[in-house]
Amino acid sequence: MKLYSTQNPSTRVSFKEAVFNSMPQDKGLYMPVSIPRLDDKFLNNIDQYTLPEIAFHVAKNLIGDDIPDADLKAIIYDAISFLAPVVKLEENIFVLELWHGPSLAFKDFGARFMSRVMSYFLEKDEKQLDVLVATSGDTGGAVALGFLGVPNTRVTILYPKGKVSDIQELQLTTNGQNIRAAEVDGTFDDCQALVKQAFTDTELNEKFRLTSANSINIARLIPQTFYYFNAYAQLLKQGNSKVIFSVPSGNFGNIGAGLLAWKMGLPVEHFIAATNANDTIPEFLKTGVYQPKPSVATLSNAMDVGDPSNWVRIADLFKDNIEVLKKLVTGYRYNDEETLEAIKFINDNYNYVACPHTAIAWQALRDWQQDNYKPDTAGIFLSTAHPCKFPDVFPKSIAAKIDIPEQVEELEKKEKHATALGKDFEGFKRYLFENE
């Protein structure tokens with residue numbers, strides 16, 4: 001597998017190099033030089049395969065010979081050891097539950113796959129790998145569990161002070177071992193900016209072997225395609241061959257993976273990018289003007305991103321014709337009040353508890369279907385996190401319905417450990433040097 005930088009299409013690096021470098025020095029993002037189209041025999045019979053079998057087939061076609069088949073299969077079967085079921089709520093409305101992994105969020109797909117790929121590529125006696133990750137809520141927890149105890153690695157998680165839920169914070173700050181957390185007095189965008197700047201800082205790169213576990217890393221994006229193919233397989237088994245996906249979107253890695261799956265031949269009719277008040281992309285899709293802005297805090301905190309990193313990948317996928325992108329993707333945005341109304345409607349009508357991110361995706365799907373309803377097309381909205389991670393969002397009557405997983409009950413017995421940092425880069429740099 002060869003990759004190039006979105007800033008310099010003539011670049012060529014190996015998959016291993018892209019995984020460890022995360023972001024090119026020119027501040028672009030890595031993309032595959034060629035995106036293979038999966039054969040029709042596989043796609044037409046995809047309902048006959050399990051999730052790990054689908055994941056292997058997709059990864060093999062993308063990664064090629066960089067990882068031998070037997071090793072790649074072992075990585076996938078270890079990493080993707082949980083289900084991602086599609087649940088029918090009503091005619092032509094389905095929810096794809098992506099929170100059955102250990103951190104109770106969709107980020108488990110990317111984080112577990114990436115940690116195992118990095119561990120596979122790490123040679124004995126190599127310099128310690130320092131993994132930097134910015135999180136708006138769920139990424140950090142998934143990365144922490146994905147890398148916990150992995151030899152010769154150290155993870156530093158940056159999260160915005162007061163802008164993650166209590167359970168999310170415990171997932172970031174109670175691991176110990178090779179996982180440490182820094183509480184940044186700023187927004188997710190500030191945390192992300194610190195991580196990005198670190199990768200282009202000469203002194204830090206001379207001292208440390210830095211890589212990222214954010215969705216800027218190509219090893220996070222690839223495994224997120226797996227559940228789109230698997231969701232389609234589950235619908236095909238029920239007789240539905242036409243689907244649209246509504247994706248709660250913050251840093252746009254999730255929907256970016258869906259669009260990569262589409263490029264590989266997954267027959268998706270349409271994508272919906274559902275955001276909260278941080279609506280940079282819905283505005284772009286309407287106006288054609290990309291205007292990033294400071295992020296604002298919302299109930300759906302994992303989507304509080306004002307300048308989505310992965311948008312450059314999506315733009316790159318459609319660089320020849322942005323009009324095709326605008327026809328394929330529709331953007332919607334919702335405020336907190338509308339999010340709460342959606343949570344209540346889903347509970348009252350389906351007896352289903354949806355986290356705020358999931359509720360936004362459902363609302364966008366419903367609004368799109370009202371204007372574009374097609375009786376032969378199934379709508380799937382992505383449920384990205386277990387509702388137990390957001391206890392303060394729900395009215396008591398709904399909160400009482402939430403089953404608290406055992407791992408959350410264990411978390412609540414642990415003590416938080418985090419270093420307080422400002423949003424200035426020099427302070428972050430000093431922290432890294434003083435805590436090597």
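The values are calculated or read from the model by the stated rules, or taken from the named source; none is laboratory data. As the structure is a prediction and not an experimental result, all values here were calculated from the model. Ideal geometry is used to build each Cβ from the backbone, glycine not excepted, and the neighbour counts take in all protein chains shown. Ligands, DNA and RNA are excluded from the accessible area calculation, which covers all protein heavy atoms including side chains. Shrake-Rupley method; radii C 1.70, N 1.55, O 1.52, S 1.80 Å.
Observations on the structure shown:
- Summed side-chain charge close to PHE229 - residues other than PHE229 whose Cβ falls under 11 Å, Lys, Arg +1, Asp, Glu -1: -2
- Counting only residues at least eight positions apart within a chain, or on another chain, the lysines with an alpha carbon under 18 Å from that of LYS242 are LYS41, LYS88, LYS263, LYS327, LYS374.
- Ordering of 289-301, 215-227 by packing is 215-227, 289-301, highest average first (other Cβ atoms within 10 Å, averaged per residue).
- Segment 74-209 - percent relative contact order, Cα under 8 Å, separation 6 or more: 20
- The residues of segment 243-387 present an accessible area of 34 Å² per residue when probed at 1.4 Å with all protein chains retained.
- Dipole moment magnitude, nearest 20 debye, segment 221-341 about Cα centre, only Lys, Arg, Asp, Glu C-beta charged: 540
- When each of LYS293/LYS396; LYS27/LYS429; LYS107/LYS196; LYS237/LYS344; LYS2/LYS73 is checked by Cα-Cα distance, pairs over 29 Å: LYS293/LYS396; LYS237/LYS344
- The listed peptides 195-202, 417-424, ordered by packing as a protection proxy, come out as 195-202, 417-424 (highest mean of other Cβ atoms within 10 Å first).
- Taking a quarter of the surface of the Cα convex hull of segment 197-353 gives a mean projected area of 11.8 nm².
- Most to least packed among 363-374, 34-45, 169-180 [average Cβ atoms within 10 Å]: 169-180, 363-374, 34-45
- Scaling the Cα radius of gyration of segment 1-133 by the globular reference 2.2 N^0.38 Å produces a ratio of 1.20.
- Gaussian network model of the chain, springs between alpha carbon atoms under 10 Å - residue of GLU323, GLU410, GLU203 with greatest fluctuation: GLU410
- FRET efficiency for the ALA399 to VAL296 pair, using the beta carbon distance and R₀ = 35 Å, is estimated at 0.90.
- Rg over Rh [alpha-carbon atoms, Kirkwood Rh] for segment 386-436: 1.23
- Ellipsoid semi-axes for segment 320-436, based on the Cα gyration tensor and the rule √(5λ), read 35, 26, 12 Å when sorted largest first.
- Overall form of segment 121-161 per C-alpha gyration tensor (a/c, 1.5; a/b vs b/c): prolate
- In summary, the convex hull built on the alpha carbon positions of the chain has an orientation-averaged projected area of 19.5 nm².
- Proximal aspartates and glutamates to LYS389, defined as alpha-carbon separation beneath 15 angstrom and excluding residues fewer than eight positions away on the same chain: GLU97, ASP108, ASP138, ASP166, GLU169, ASP403, GLU406, GLU409, GLU410, GLU412
- Charge dipole of the chain (Cα centre as origin; +1 on each Lys and Arg Cβ, -1 on each Asp and Glu Cβ, all else neutral): 640 debye, rounded to the nearest 20.
- Share antiparallel - DSSP beta bridges, the chain, percent rounded to 5: 20
- Rg/Rg_ref, segment 297-340, where Rg_ref = 2.2 N^0.38 Å and atoms are Cα: 1.46
- Share of carbon and sulfur in the accessible heavy-atom surface of the chain [1.4 Å probe, %]: 47
- Value at 222 nm in deg cm²/dmol, rounded to 500, when DSSP H runs of n ≥ 4 in the chain each add -39,500 (n - 2.57): -12500 deg cm²/dmol
- The length gained on full extension between ASN349 and SER34, counted as 0.36 nm times the residue separation minus their Cα-Cα distance, comes to 108.9 nm.
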